[in-house]
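The values are calculated or read from the model by the stated rules, or taken from the named source; none is laboratory data. Everything numeric here is computed off the predicted structure, so don't read it as measured data. A quick note on method: Cβ atoms are made from the backbone with ideal geometry, for glycine too, and the neighbour counts reach across all protein chains shown.
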Amino acid sequence: MVSEEIASVRQVTDRLFSTLRCRNPSAIAACYDSAGVFTTPILGDVPAQHLERLWTLFFSRTRDNILTYKLVDAGLVSARVEGRVSYVLLVSGRRVSCPFDSLLHVRDRLIRHHVDSFDPWGWAQMAFGTKGLMLGWSNTWQRRLSNDLRTSLSLPKASHHDDCSLA
């Protein structure tokens, strides 16, 4: 029974990252429980019902996407992944190559909570060059970027309880 649960968590993780590699927003969203949440340093929490729109927007604003990942640990209800995503951001024409860590919490073969961690300032420097270098560390700039993206997705603005919430 334990080995079956661990195998199930591994399967869900592989399915998610395979669909990300294939740039398939509906298949990505199908990996999540209807009450699931995806959390990133820039966007904060994104409810599962908005994930197809999120990934459609992301893929429409990038090209030459490459995703590599390694499943570092899988347990009965969670998995930890280390990876790197690389793409050209169309708005700036700049290549972004960003390492990330993902923590997935799985229940009933679906993702309930997915937390991605990466360096938002490092990402901003790659994505926006000098502007990202000069402003990317700023919580104000990060909030503005978050709010612009959330508006594009028809999501409410993220609530930031302190100035360290996006750091």
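A few notes on this one:
- Exclusive hit being under 15 Å from the mean Cα position of the chain (by Cα), hydroxyl-bearing (Ser, Thr, Tyr) and within 19 Å of Gly36 (Cα to Cα), set Ser146, Ser78, Ser117: Ser117
- Test: residue in the stretch 91-113 that is among the small types (Gly, Ala, Ser), modelled with pLDDT under 95, within 30 Å of Val9 (Cβ to Cβ) and buried (at least 17 other Cβ atoms within 10 Å of the Cβ): no
- Filter result for Ser34 (in a strand (DSSP E or B), loosely packed, with under 15 Cβ neighbours inside 10 Å and hydroxyl-bearing (Ser, Thr, Tyr)): yes
- A single entry from Leu133, Leu57 fulfils the requirement of being touching a residue at least 60 places away in the same chain (Cβ under 8 Å), part of a helix (DSSP H, G or I) and over 12 Å from the mean Cα position of the chain (by Cα): Leu57.
- Number of the condition not met by Val88 [criteria: (1) in contact with a strand residue (DSSP E or B) (Cβ under 7 Å, 6 or more places away or on another chain); (2) surrounded by fewer than 17 Cβ atoms within 10 Å (Cβ to Cβ); (3) free of Cβ contacts under 8 Å to residues at least 24 places away in the same chain; (4) hydrophobic (A, V, I, L, M, F, W, C)]: (3)
- Residue within the stretch 116-125 that is of a type in the set (Ser, Thr, Tyr), surrounded by 15 or more Cβ atoms within 10 Å (Cβ to Cβ) and in contact (Cβ under 8 Å) with a residue 12 or more places away in the chain present: no
- Filter pass, His114 being under 19 Å from Ala29 (Cα atoms) and out of contact with any Cys (no Cβ under 9 Å at 6 or more places or on another chain): no
- Residue tally, condition touching a residue at least 40 places away in the same chain (Cβ under 8 Å) and either surrounded by fewer than 16 Cβ atoms within 10 Å (Cβ to Cβ) or over 14 Å from the mean Cα position of the chain (by Cα) (or both), over the stretch 66-75: 3
- Count of the stretch 1-58 residues which are aromatic (Phe, Trp, Tyr) and in contact with a strand residue (DSSP E or B) (Cβ under 8 Å, 6 or more places away or on another chain): 3
- Residue identified as at pLDDT below 95 and not in a helix (DSSP H, G or I) among Asp45, Asp64: Asp45
- On inspection, Leu16 does not qualify as over 12 Å from His114 (Cα atoms) and buried (at least 18 other Cβ atoms within 10 Å of the Cβ).
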